[in-house]
1. Which three extents, in whole angstrom, do the alpha-carbon atoms of the chain cover along their principal axes, largest first?
2. Using the Kyte-Doolittle scale, which helices in the chain average at least 0.5 and also have C-alpha atoms spread 18 Å or more along the helix axis, with helices defined as whole DSSP H runs?
3. Using mean Cβ contacts within 10 Å as the protection proxy, how do 342-351, 358-367 order, highest first?
4. Would you mind calculating the gained length between residue 244 and residue 265 on full extension (0.36 nm times residue separation, minus the Cα-Cα distance), in nm to one decimal?
5. Taking the range 133-196, which trypsin sites (Lys or Arg not before Pro) meet the DSSP loop condition and have no more than 10 other C-beta atoms within 10 Å?
6. Going down the list 72/304; 66/304; 127/305; 332/361; 72/274; 66/244, which pairs span over 22 Å between their C-alpha atoms?
7. Using the Karplus equation 6.51 cos²θ - 1.76 cosθ + 1.60 (θ = phi - 60°), what ³J(HN,Hα) coupling, rounded to whole Hz, does each residue of the range 286-298 give in order, writing x for Gly and Pro?
8. Under a 1.4 Å probe, what is the accessible area of the chain per residue, stated in Å²?
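The values are calculated or read from the model by the stated rules, or taken from the named source; none is laboratory data. Only a predicted model underlies this, so the values are computations on that prediction, with no experimental measurement involved. Every residue, glycine among them, receives a Cβ derived from its backbone with ideal geometry; neighbour counts consider all protein chains shown. Ligands, DNA and RNA are excluded from the accessible area calculation, which covers all protein heavy atoms including side chains. Shrake-Rupley method; radii C 1.70, N 1.55, O 1.52, S 1.80 Å.
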Amino acid sequence: MKNIRTITLLLCALIALTTQAQKRKATKRTTPKKEVVVEKTPGEILYDEMLPSTAKVMFVDSIVVKKDDFLKKIIIDNEAGQLTESKGLISYTNEFGTQQYQTVGNELKGIEIIARQNINGTWSDEKSLFKSEAGIVNPCNPFMLADGTTLFFAAQGEKSIGGYDIFMTTYSAESARFYEPNNYGLPFNSKYNEYLLAIDEFNNLGWLVSDRYLNEDSVCIYIFEPTAARMSYESDNISDEELKSRADIRQISDTWTVGNHRAAEKRIAALSEKKQDNAKAMTFAIDDNRTYHSKSEFKSVDAKKKFDQLLEMREMLSMQNKSIDELRVAYKKAPVTQRGQLKTRIIGMEESIDQLEKDIKNTEKEIRRIETGN
């Protein structure tokens, strides 16, 4: 009986050891789950790097418009220069009509910015800008500040957070070239596309065009108050979420404490009224019986397009007349040794003005011919 009990105990011990061994083997077969790590894109990394230095800016207002029509909604003063559009590409001409930065090309072959100067009534050779800059692809839609050295433009590439970003560069008179462009940072750029930044220093208003949060056929024009020096929220006691909200411009009213919102609204209203008064003052004689006082009166779409060209030419003429007046004043005050050079410039400008006046007359005739069908 004792032997039977001993054998039974040995069998129980053997079964227990076998069970433990099987458990250990089962444990070894179990593969721990790997933690999924989502890597950030270069644009997301750039966004994170720029977030702490988000510029403190007051956004006064915003309007959503069709993408192919936004330039007509930007009302900068004539003294800030002129923006024109051709085939979806925007170019800038300074207030005197002597310096141009044009966007040329197409999205299939690539687009670029070219610069040219009007010297003594003759346009200089075109000079391509930023085409070979590392990290800059398809530079377009330039805008030059009144200082004549600070240039903004949009571009794609490795230095962009999203698609198109706003970049800034300055011109070095000493080396006769622009410095390497820098991304203009947040909140002016986003994970979406920014197409244009223009600043009217005479009314202290800025215009930023972006498609953030919108359908592909629409853009939002953010009207902001530019600051003399760039400030950030680094010293402010705001949360990370609040900072991201400012960087992404989620709620423009959150920025109204940065500046005088009511005063900025009044400047926008005054500028808009000035532009409307100029538009109402227009008169264009079609024939002996009809005189138009608004573009909406045109029956022909082609005539209306021609009239837009006419307005640009008239604006250019006004700029050149202002420029030549200044040259004439400078001529009277200049010493005899400098008058020869100024005289040459004045003569060249006079020739340019004469040609522009002829082009304006021919365009006026063409508009009347299209509108009347004769």
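1. 136, 55, 45
2. Values: long enough: 2-29 (41 Å, -0.03); 261-280 (28 Å, -1.44); 301-333 (49 Å, -0.81); 336-372 (55 Å, -1.06).
Helix filter hits for the chain: none.
3. Values: 342-351: 15.9, 358-367: 14.3.
In decreasing order of mean packing, 342-351, 358-367 become 342-351, 358-367.
4. Values: separation 21, 0.36 × 21 = 7.56 nm, distance 2.54 nm.
Contour length minus Cα-Cα distance gives 5.0 nm.
5. Details: sites: 159, 177, 191; in loops: 159, 191.
Loop-located and lightly packed - none at all.
6. Numbers: 72/304 14 Å; 66/304 19 Å; 127/305 29 Å; 332/361 32 Å; 72/274 15 Å; 66/244 27 Å.
The pairs that break the limit, which is 22 Å between Cα atoms, are 127/305; 332/361; 66/244.
7. Listing the rounded values in order: 7, 7, 5, 10, 10, 10, 8, 10, 7, 4, 5, 7, 5 Hz.
8. For the chain, the per-residue accessible area is 60 Å².
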